[in-house]
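Asker: Below: one structure in structure tokens.
The values are calculated or read from the model by the stated rules, or taken from the named source; none is laboratory data. Small disclaimer: the values here were computed from a predicted structure and weren't measured. Cβ coordinates were reconstructed from backbone atoms using ideal geometry, including for glycine residues, and neighbour counts include every protein chain displayed. Ligands, DNA and RNA are excluded from the accessible area calculation, which covers all protein heavy atoms including side chains. Shrake-Rupley method; radii C 1.70, N 1.55, O 1.52, S 1.80 Å.
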Amino acid sequence: MSLRSQMLKGILEGCILSIIHHQPAYGYEISVILQEYGLENISEGSIYPILLRLQREHLIIGEMRKSESGPKRKYYQLTEDGHEALREFFLQWEAIKNPVDNIVHQGGYDV
Amino acid sequence: MNAKTLIDLNNKKRPLLNEANLAYYENMLIYIRSASNKSEEQTEELLLELLEHLLQAQSEGKNAIDIFGSNPKAYCDELIQELPKEKQKPRLLFVAQISFQTIGFLSLIYGVIGLTKYYFFQIGTVVTSFYPATTFVILVCYLIILFLFIKTVFWWLKQSTFAGRQTNKWIEFIQAWLGVSVFISLFVVIMRLTPKFGPVMQIPTVLLIGFSLILYLIAYLIKRKGQ
């Protein structure tokens, strides 16, 4: 896998953890929220491998529940480990986002 | 929810997809289901989740390629890689259930044929004689072949799903026909070639039928336990 897509995956993982932290959500909801925040280039399907991995690592758990609109859906919520992973992601992201932004802009690249 | 409920739900909802989305989704479904030793329940939960997503997207005018990309095989491989393995217990229960059913079936066939021959055509006696050691070897071989056959069918389904070529129904039919013929011939060959050894045992043929019913009952109980 290319470095670029690995980086993207890591960031997406952090975003998904944040969304679920805010409130338990199902797959479709998560993809809608990602898009609402402007991550429109990410294909909707790409969240599912990530959701599976987060479940396998016990950072989130999924539970089939009846949704308000009717059909049974799989709602995800954070586990204890998930909270910890989100905290770590947050700290790393905080530490990295401004320096990276500055470096990229200072290099004269701006669109 | 167990796997069976999820499969039922999936069957009920799938027809709501339009033609193009259904074709795309069903390929994914066959491919992901035929991935061996993955947790069945997790697999079905994922499949239903993908279906719900696609249905919702369809109602907003999007199609499967928009959602899952133009390379479904790579996408499915990625999903399969992340799916958890099936636990040992359900797998063993499944193997035990199939084994009991198969032996029960063979026993029933032998019993019915033996009794029919005797009562309707006056051939043979009401007693069946057999070599327990030989029978055991044959049954073990049968079960091994049966599981190899199941594996092969899954492999064949998996590799033909996204083959991309226009599949010719006739070629597929002949392939399947040849496969099944080889499988059946193996059964006959093993029965003929296994040497008879060890002591001979004689039991009333009707006992074979009783025996098969007991095996079926055990298989049924195992199946219930597994659910």
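Asker: Mind listing whichever residues of segment B:121-149 are without any contact (Cβ under 8 Å) to a residue 12 or more places away in the chain and under 28 Å from B:ALA96 (Cα atoms)?
Answerer: Result: B:THR135, B:PHE136, B:VAL140, B:ILE144, B:LEU148.
Asker: What are the pairs, 6+ residues apart or on separate chains, where a residue within segment B:166-192 that is touching a residue at least 12 places away in the same chain (Cβ under 8 Å) and of a type in the set (Ser, Thr, Tyr) has its Cβ under 9 Å from a residue that is open to solvent by less than 90 Å² (accessible area, probe 1.4 Å) and in a loop (DSSP other than H, G, I, E, B)?
Answerer: Matching pairs, first to second residue: none at all.
Asker: Only residues that are exposed (fewer than 14 other Cβ atoms within 10 Å of the Cβ) and touching a helix residue (DSSP H, G or I) at 6+ places or on another chain (Cβ under 7 Å): list them for segment B:180-192, please. Even if it seems obvious, please write down each step before you answer.
Answerer: Of the residues in segment B:180-192, the ones exposed (fewer than 14 other Cβ atoms within 10 Å of the Cβ) are B:180-182, B:184-185, B:188-189, B:191-192.
Scanning segment B:180-192 gives a single hit, B:MET191.
Asker: Could you list, in sequence order, the residues of segment A:26-42 that are buried (at least 20 other Cβ atoms within 10 Å of the Cβ) and of a type in the set (A, V, I, L, M, F, W, C)?
Answerer: Selection gives A:ILE30 alone.
Asker: Do the conditions hold for A:SER18, that is, is it surrounded by fewer than 20 Cβ atoms within 10 Å (Cβ to Cβ), within 14 Å of another protein chain (Cβ to nearest Cβ) and of a type in the set (Gly, Ala, Ser)?
Answerer: Details: surrounded by fewer than 20 Cβ atoms within 10 Å (Cβ to Cβ): yes; within 14 Å of another protein chain (Cβ to nearest Cβ): no; of a type in the set (Gly, Ala, Ser): yes.
In short, no.
Residue-by-condition table, conditions (1) under 24 Å from A:VAL32 (Cβ atoms); (2) more than 10 Å from chain A (Cβ to nearest Cβ):
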site	(1), (2)
B:SER59	yes, yes
B:LYS62	yes, no
B:ASP66	yes, no
B:GLY69	yes, no
B:GLU78	yes, no
B:GLN97	no, yes
B:VAL112	no, yes
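Asker: Keeping to segment B:99-145, report how many residues are open to solvent by less than 60 Å² (accessible area, probe 1.4 Å), more than 30 Å from the chain's Cα centre (by Cα) and of a type in the set (S, T, N, Q).
Answerer: Residues meeting the conditions: 2.
Asker: State all residues of segment B:37-66 that are assigned to a helix (DSSP H, G or I) and of a type in the set (D, E, K, R); if no residue qualifies, say none.
Answerer: So the first thing to find is which residues in segment B:37-66 are assigned to a helix (DSSP H, G or I), and the list is B:40-59, B:64-66.
Matches in segment B:37-66: B:GLU40, B:GLU41, B:GLU44, B:GLU45, B:GLU49, B:GLU52, B:ASP66.
Asker: Inspect all residues belonging to segment A:101-111 and state whether any of them is away from chain B (no Cβ under 14 Å) and in contact with a helix residue (DSSP H, G or I) (Cβ under 9 Å, 6 or more places away or on another chain).
Answerer: So the first thing to find is which residues in segment A:101-111 are away from chain B (no Cβ under 14 Å), and the list is A:101-111.
Checking the rest, the ones that are also in contact with a helix residue (DSSP H, G or I) (Cβ under 9 Å, 6 or more places away or on another chain) come to A:110.
The answer is yes; a qualifying residue exists.
Asker: Next up: Could you grab me the full set of residues in segment B:193-206 that are touching a residue at least 12 places away in the same chain (Cβ under 8 Å) and either in a helix (DSSP H, G or I) or within 21 Å of the chain's Cα centre (by Cα) (or both)? Even if it seems obvious, please write down each step before you answer.
Answerer: Residues of segment B:193-206 that are touching a residue at least 12 places away in the same chain (Cβ under 8 Å), as a first pass: B:194-206.
Answer for segment B:193-206, where residues must be touching a residue at least 12 places away in the same chain (Cβ under 8 Å) and either in a helix (DSSP H, G or I) or within 21 Å of the chain's Cα centre (by Cα) (or both): B:THR205, B:VAL206.
Asker: Taking segment B:149-173 only, how many residues are open to solvent by 90 Å² or more (accessible area, probe 1.4 Å) and either of a type in the set (Ser, Thr, Tyr) or at pLDDT 90 or above (or both)?
Answerer: Counting residues in segment B:149-173 that are open to solvent by 90 Å² or more (accessible area, probe 1.4 Å) and either of a type in the set (Ser, Thr, Tyr) or at pLDDT 90 or above (or both) gives 0.
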